1. Need at least 2 residues that are away from chain B (no Cβ under 14 Å) and modelled with pLDDT of 90 or more per element, so show me which helices (runs of 4 or more DSSP H) inside the stretch A:113-217 make the cut, counting only ones lying wholly within it.
2. How many residues does the stretch B:179-227 contain that are among the hydroxyl-bearing types (S, T, Y), touching a helix residue (DSSP H, G or I) at 6+ places or on another chain (Cβ under 7 Å) and over 27 Å from B:E257 (Cα atoms)?
3. From the residues in the stretch A:150-161 that are within 12 Å of the chain's Cα centre (by Cα) and buried (at least 22 other Cβ atoms within 10 Å of the Cβ), which one is nearest to A:Y118 (Cα to Cα)?
4. Which one is farthest from B:T42 (Cα to Cα), of the residues in the stretch B:186-224 that are more than 13 Å from the chain's Cα centre (by Cα) and in a loop (DSSP other than H, G, I, E, B)?
5. Out of B:D223, B:D246, which single residue is in contact (Cβ under 8 Å) with a residue 12 or more places away in the chain and either of a type in the set (D, E, K, R) or surrounded by fewer than 16 Cβ atoms within 10 Å (Cβ to Cβ) (or both)?
6. Looking at B:G131 and the list (1) closer than 24 Å to B:K204 by Cα; (2) touching a helix residue (DSSP H, G or I) at 6+ places or on another chain (Cβ under 8 Å), which single condition is not satisfied?
7. Take the residues in the stretch A:68-112 that are exposed (fewer than 12 other Cβ atoms within 10 Å of the Cβ) and more than 14 Å from every other protein chain (Cβ to nearest Cβ); name whichever of them is farthest from A:M221 (Cα to Cα).
8. Within the stretch B:155-200, can you find the residues that are without any contact (Cβ under 8 Å) to a residue 60 or more places away in the chain and closer than 30 Å to B:K11 by Cα?
Amino acid sequence: MIKLNPHTAEKLAKGVIWTVALMVIAVLIFIIVFILYRGLSVINWEFLTRIPRRSGREGGILTPIIGTLSVTLLAILIAMPFGIGTAFYLAEYTKDGILTRIIRFCTESLAGIPSIIYGLFGFIFFVQILDLKWSILSGGLTLAIMVLPTLIRTSEEAIRAVPKTYREVSFSLGGTKWQTIRKAVVPSAIRGIVNGLILSVGRCVAETAAVILTAGVSLSMPKSVLDSSRTMAVHFYQLVIEGISMTNAYGTAAVLIILVFFINVVANMLINRFVAKGR
Amino acid sequence: MAGSRKNNSRKTKIETKSINLYYGNHHALADITVKIPARAITAIIGPSGCGKSSFLRLFNRMNDLIPGVRVEGDALLDNFSIYGKNADVVNLRKKIGMVFQKPNVFPMSIYENLVIGPKSHGIKDKSLLNGIAERCLTQVALWDELKDMLKKPATEISAGQQQRLCIARALAVDPEVILMDESCSALDPVSTMKIEELMLELAKDYTIIIVTHNMEQAMRVSDMSAFMMIDQDGVGGLVEYSRTSDMFSNPKDKRTEDYITGRFG
């Protein structure tokens, strides 16, 4: 091996790191620009507010938008209390022991399972056994289980990252455990927890395999959470795989990207506005 | 010595009765018995790792937060048991406030830092909270400096101001005792001097116990001094406890003498 002098090594390391980072950013920007370039021209008021006709060849993507939003919202609402609650339990209320090891092992295993397996489980359990049919509810429940590991892990990390001194100060002021969590831990961990939520929203919005098997592919307007509805990602998939309309597929993809971007921005604005005061 | 006020007839505020502390199997503190006078400053000194902080944290039961901690013996606050079955930890910590080594303000506004304690004890009235904030900031001589920036993040003021804010935050819950765990060690000399002046001022109304590795500080501010050391087995214990003026002019134990004359530690 050639021995580099420290100065050259420094330059080389800097060069490599910069190159790698720039390449990654370039790829990301390329994908976004490419899709927006192909898709933005399709997007107009009609595209956003009309129900798809002729399997999506014509009309808009109103029902897939509603399907995406309702399935995602439902999944997050279901997963949030369980995920964040488990995270607080693991980080604050229990010592490391057999139970926590089992919970961690399970969440880590769950995190590594391909989403189609969740879809299969959801199909058998929610759709068939519980007889919820292909519905927004089945899809939401399935996605909730799917994002739980992410939510638990990101929340737990955020909670553990809160400096120990905050807890000490709160206790030293005569705070109870719950007051300490609420006043000293949550305000500092909330950003990380919300980031975990946004990550989960992203996974829900982007998911195809698990929802296609549980929420179905209906294009008509759902009347309740017990109706089937397809999400934008599924719509996109169908449009491409069945050769229905590449133009509308790109339009859908562009809306999807804008939606994810929008959710990120709004979530961050809300944090800055309401919880990160004085931070 | 600045801190050598009369304290012969002072009543005892805190008393430990052969108290022992274990971290799991490790015997950290052995059989410490002291009587800490009210409205005075008591300094706990000794070499690093002798258990000064652990001892200090026995008074407000902060050691409870560490898994596997066990305490034997008892400590009394105004003759009430701190470790007894009926002891109320939350109430205890209201009475015994604490200031830590590094300024550890919460990442919120100065005002929120001040009222977080009272709020958690159920005070909701805005004007009452404002009054508490003003009183405590005045007590630590920060009111004039900070009164126009109470809504600013506490992290934006200087480290010395932050530490004084931490003291004010502790005062806000109306404690009777204040524990200070090397509270000047992260500060510059000017800030240290201000905190020491503050300690002397506060000692008129509060019982103050400090841990310090700075012997000049102990001499400058404290009335009583407790010298601690660990033995060969790593068990911390009290070597000598007396009036600061006596300890530094006429140490009774050879180990105390060696330490305060700078022969080790």
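The values are calculated or read from the model by the stated rules, or taken from the named source; none is laboratory data. What you see is a predicted model; the values in this text were computed from it and never measured. Counting neighbours? That spans all protein chains shown, and the Cβs are built from the backbone with ideal geometry, glycine included.
1. Output list reads A:115-122, A:136-160, A:186-206, A:209-212.
2. Going through the stretch B:179-227 one residue at a time, the tally reaches 1.
3. Among residues in the stretch A:150-161 that are within 12 Å of the chain's Cα centre (by Cα) and buried (at least 22 other Cβ atoms within 10 Å of the Cβ), the one nearest to A:Y118 (Cα to Cα) is A:L151.
4. So the residue we want is B:D188.
5. Matching residue, one of B:D223, B:D246: B:D223.
6. Going through the list (1) closer than 24 Å to B:K204 by Cα; (2) touching a helix residue (DSSP H, G or I) at 6+ places or on another chain (Cβ under 8 Å), B:G131 breaks only (2).
7. A:I98
8. The answer is B:R164, B:A168, B:A172, B:C184, B:T192, B:M193, B:K194, B:I195, B:E196, B:E197, B:L198.
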